[in-house]
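See structure below.
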Amino acid sequence: MTVSRLIPVPIPDHVAALIGSCMPPGVLQAEIDAECAAREVRRFRGPMCPEDQADREHALATLARANKVLAAYHPGLVLRPGGGVR
């Protein structure tokens, strides 16, 4: 039986903490930053005022910076602006 990458599987908090403790702090922070930025990018849809456009561009820049760190550590950790894994 194979597991689809499209179905998210929740993991217990203590397992997530164990995984996080094995990662360098900079990579762990980049993962958090990427998740937050991807969520922020999803928030902006349709026609945007200039302030919303600037906020979206800032979130995309944050996501790009975090993805650069994540890709250097492990390419499978990179996130797309929509929030999915590449």
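The values are calculated or read from the model by the stated rules, or taken from the named source; none is laboratory data. Worth saying up front: this structure is predicted, and the values here are computed from it rather than measured. Note: ideal-geometry Cβ built from the backbone for every residue, glycine included; neighbour counts use all protein chains shown. Keep in mind that these areas ignore ligands, DNA and RNA; they rest on the heavy atoms of the full protein, side chains included. Shrake-Rupley method; radii C 1.70, N 1.55, O 1.52, S 1.80 Å.
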Inset, instruction - Please find, within the range 32-52, the residue that is farthest from residue 77 (Cα to Cα) out of those that are touching a residue at least 40 places away in the same chain (Cβ under 8 Å) and surrounded by fewer than 17 Cβ atoms within 10 Å (Cβ to Cβ). - result: 42
Inset, instruction - Show the residue pairs that are 6+ apart or on different chains and have beta-carbon atoms under 8 Å apart, the first residue being within the range 63-86 and under 11 Å from residue 31 (Cα atoms) and among the small types (Gly, Ala, Ser), the second being part of a helix (DSSP H, G or I) and modelled with pLDDT under 90. - result: 71/77
Inset, instruction - Kindly provide the set of residues from the range 53-81 that are open to solvent by 50 Å² or more (accessible area, probe 1.4 Å) and among the hydroxyl-bearing types (Ser, Thr, Tyr), ordered by number. - result: 73
Inset, instruction - Could you grab me the full set of residues in the range 4-25 that are surrounded by fewer than 10 Cβ atoms within 10 Å (Cβ to Cβ) and either within 18 Å of residue 68 (Cα to Cα) or in contact with an Asp or Glu (Cβ under 8 Å, 6 or more places away or on another chain) (or both)? - result: 25
